[in-house]
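The values are calculated or read from the model by the stated rules, or taken from the named source; none is laboratory data. Since the structure is predicted, the reported quantities are computational estimates derived from the model, not experimental observations. In this analysis, Cβ positions are derived from the backbone assuming ideal geometry, glycine residues included, and neighbour counts consider all displayed protein chains. The protein model used for the area step is the full one, side chains on, heavy atoms only, and it has no ligands, DNA or RNA in it. Shrake-Rupley method; radii C 1.70, N 1.55, O 1.52, S 1.80 Å.
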Amino acid sequence: MKPKRLNVIKELAGLVKPYKYVLLAVLFCLVVLSCCNLAMPFVLKYVINNVFLPGEAGVADPSSLLSILLYVLVIIFVIYGLRNLLFYLSKTRVMVVGEKTAFELRQRLIRHLHTLSVDFYQQNKPGKISARVMQDAQSIKQFIQDELASMMINVLMLVVAAGIMFHMHWMLTLATLAVLPFHVLVYYLFRKPITAYAREAKERIADVSGDLIEQFDGAATVKASTTQLIEQEKFRESLRKGMRAQIRQSRYYTLQKVAADLFVGLGIIVLFGLGGYLVLYRGMKPGDFVAFFFYVRILYPRLIELVSQAGKFSRAGTSVERVFEMLNLEPGVPENPKAVPFEISRGRIEFHRVSFGYQDGRVLEDVSFAIEPGEHVLVTGPSGAGKTTCINLIPRFYDPQEGTVLVDGVDVRDFTLTSLRRQIGCVFQDCFLFNDTIMTNIRYAWPEATDEAVVEAARGAYADEFIQKLPNGYMTMIGEGGIQLSQGEKRRLMIARAILKNPKILILDEPLVSLDQHARQRALEGLSSLMRNRTVLTITHYPAELPYANKHMHVSDGKVTVRDLSGKVLNP
Ligand code: ATP
């Protein structure tokens, strides 16, 4: 995943765009809320000049002073009531926007992840990928919920407070705002290291998650190799790197806040110096200075908060970048816009002048052959020759760089990916089962299948007999919190899945490996019922054990040779 410069503000704005009316309503609430806050200094000024120091204002009657005070208390009550109502409304709305944004983003990520190539999953550890889906979306959500609205309001309060202050006393306002450029400087000076360390911290944490999952996945290998100490040291090193980046990032973030506060202190020194001079020598009323200072007390903390929020924005920005880097990855095999859901009626396969290679070199070179409908082909060749690679081109796990793969005379790129893959059954070497019931695991091949169809498929794969003996039969949970199955039992479930799918083309990768003699016999029986009326390609290093072939395909040195049982070469 190569980092690419992104416009974080644009991407973030795109994420919250569906909620623009809600956000506008929130902004409106916040504007009214700010007005409530900004009204307080005026109330204060009025009370000091007209109630506490009435001589100067000319109102001295104690009963009228009391009624003014009561009037002011009611206004304060209304201000606080309104303020909290608006705060509640705006905060709850923003919470919902944050949650919905993360919800949509995670779904978008999952949809996109399913379009990425098999290579992507081989190159990126599962923990690393899941960190982007869960943790980065979480950081973005938190920024929206905790900072976005308050950032908008801080900017607004700054502008309004500065406007009122200018109106009150332009000279004092200029002195107060003289520190503003220093705050901007502080933001720019700290932005780069905060962003860099935030990114590094997130990458390292994702690495740690990846390492963790790998260690638990390979727990048996780790134990058998007695490499626990090496694994613990590797984990400690990843963790240490993450911790260091996290500490550095927090240090810069805190330093940024400290620098901002120091400049605020400087501003207050200037303000009190000039304000004291104006009150003592230029006849400024103390109430006016206190009211002005109240605005400064609104303005400066907002300024510090804004600088700190800018730091948080930089950190959330790294999550936005990481998420969009993933979303911008090209799908491994792009869907052809003109693709149609073809039906495979015969199961003829043809390779026409196909060449394919991974990043580090060619595996297949100008390969042409045809497999007729209903033929059973054994695919053999030395390890690493390209057998799996060649077969993987049929369900489009990869696309060839040159040439065409055709099924029933149609280029596989003209099938919709779903229609193509739904009609090709695969029994991989690696028997992957989900943490779910046996019923759901078999039904995975065809989610609409009835219970009866699942049981029928399991019978066909000779899996029914062992399933019936399990405590809850087909409803027995497998894996985490459930029972563990032997390799042979897993393989039979995989075959049941393939039978249920009822594909015209079937790909088997070492179907008998890890089965004992009895289970092999059973699996072969299952396979023979499965293979009727289909084109079957079986990858194997043990062709003698599979008596059902009527063609042999040998992959070696980038070439594919197809022979009939008499040994005659059939390639064009
Ligand atoms: P085996 O019998 O051991 O399963 P195979 O004949 O099926 O081997 P392939 O798995 O197709 O061989 O691999 C062919 C070559 O391509 C090997 O050199 C392998 O290292 C390489 N290869 C396989 N998958 C990838 C990949 N995703 N990225 C890069 N190279 C790969």
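Could you say whether any residue in region 402-416 is in the same structural domain as residue 547 (by TED's automatic domain parsing), of a type in the set (Ser, Thr, Tyr) and either in contact with a Cys (Cβ under 8 Å, 6 or more places away or on another chain) or more than 16 Å from the ligand (Cβ to nearest atom) (or both)? Yes: one or more hits. Considering region 172-203, and only residues there that are loosely packed, with under 15 Cβ neighbours inside 10 Å and either touching a Gly at 6+ places or on another chain (Cβ under 9 Å) or among the charged types (D, E, K, R) (or both), the residue that is farthest from residue 290 (Cα to Cα) turns out to be 192. In the condition set (1) aromatic (Phe, Trp, Tyr); (2) in contact (Cβ under 8 Å) with a residue 40 or more places away in the chain; (3) open to solvent by less than 30 Å² (accessible area, probe 1.4 Å), residue 466 is compliant with all but (2).
Within the group 131, 102, which residue is in a helix (DSSP H, G or I), farther than 30 Å from residue 36 by Cα and at pLDDT 90 or above?
Values: 131 fails: at pLDDT 90 or above.
None of the others qualify; the one that does is 102.
If the condition is being surrounded by 15 or more Cβ atoms within 10 Å (Cβ to Cβ) and over 41 Å from the mean Cα position of the chain (by Cα), then region 77-99 contributes only 79.
When restricted to residues that are open to solvent by less than 70 Å² (accessible area, probe 1.4 Å) and at negative phi, region 346-357 contains 8.
Checked across region 397-410, the condition of being closer than 30 Å to residue 485 by Cβ, not in a helix (DSSP H, G or I) and not basic (Lys, Arg) holds for at least one residue. Across region 365-389, the number of residues qualifying as within 16 Å of the ligand (Cβ to nearest atom) and either in a loop (DSSP other than H, G, I, E, B) or at pLDDT 95 or above (or both) comes to 6.
Here residue 434 passes the criteria (1) in contact with a Lys or Arg (Cβ under 8 Å, 6 or more places away or on another chain); (2) surrounded by fewer than 14 Cβ atoms within 10 Å (Cβ to Cβ); (3) on the phi < 0 side of the Ramachandran plot except the one numbered (1).
Residue check: residue 545 meets all listed conditions (1) away from the ligand (no atom under 16 Å from the Cβ); (2) open to solvent by 10 Å² or more (accessible area, probe 1.4 Å) but one, namely (1).
Confirm whether residue 283 is at pLDDT below 85, assigned by TED's automatic domain parsing to the domain that holds residue 8 and open to solvent by 50 Å² or more (accessible area, probe 1.4 Å). So residue 283 fits the description; yes.
I'd like to know if region 118-135 contains one or more residues that are open to solvent by 60 Å² or more (accessible area, probe 1.4 Å), without any contact (Cβ under 8 Å) to a residue 60 or more places away in the chain and within 21 Å of residue 299 (Cβ to Cβ). Checking region 118-135: not a single residue is open to solvent by 60 Å² or more (accessible area, probe 1.4 Å), without any contact (Cβ under 8 Å) to a residue 60 or more places away in the chain and within 21 Å of residue 299 (Cβ to Cβ).
With 319, 355 as the choices, which residue is in a helix (DSSP H, G or I) and either polar (S, T, N, Q) or free of Cβ contacts under 8 Å to residues at least 12 places away in the same chain (or both)? Answer to the check: 319.
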